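Engineer: Dumping the structure here so I can ask a few things about it.
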Amino acid sequence: MRSSDGKCPRCLEFQEEVEELRQRLAAAGQYVSYTPGPSPSVSVERELQRWLAVNPRADAAVGFRAGWARLARVVAPRLRDWESRWFRSMRENDRLKARVGTLLRELSRLNDRG
């Protein structure tokens, strides 16, 4: 089913993927030309109008699931980044604790000699 502007659901999904790749390239310092597309700061009204243009006969349940799926696509990269940062900080914390333990044992050993 196509909307009034000629975009099918797969076209909109493809457009979102292209925008995500452009954002990744920009973050890596690569040249990215501007095109209008999905924004990381989601406008609910704009997203609703965009979705309804493609799915004019959908019911509330379909819309609800589509909204959550869209939110997941927008938020998932940030959550994965935060999760990886958390695990890196926990590994660093464990390394530091082990290093402090080693230093304390060495200090104790040196104090026992003297």
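The values are calculated or read from the model by the stated rules, or taken from the named source; none is laboratory data. Just so we're clear, the structure is a prediction, and the values are computed from it rather than from any experiment. Here Cβ is always computed from backbone atoms with ideal geometry, including for glycine, and neighbour counts include all displayed protein chains. Accessible surface areas use protein heavy atoms only, side chains included; no ligands, DNA or RNA. Shrake-Rupley method; radii C 1.70, N 1.55, O 1.52, S 1.80 Å.
Engineer: Per residue, how much accessible surface does the stretch 70-114 expose to a 1.4 Å probe? Answer in Å², no decimals.
Structural biologist: On a per-residue basis, the stretch 70-114 sits at 91 Å².
Engineer: Quote the FRET efficiency, to the nearest 0.05, computed for Cys11 versus Trp82 with a Förster distance R0 of 30 Å and r equal to the Cβ-Cβ distance. Spell out each step's value before the answer.
Structural biologist: Values: r = 31 Å, r/R0 = 1.03.
Taking R0 as 30 Å, the efficiency between Cys11 and Trp82 is 0.45.
Engineer: Can you pull the percent of the stretch 44-114's accessible area that's carbon plus sulfur, 1.4 Å probe, other chains left in place?
Structural biologist: 62 percent
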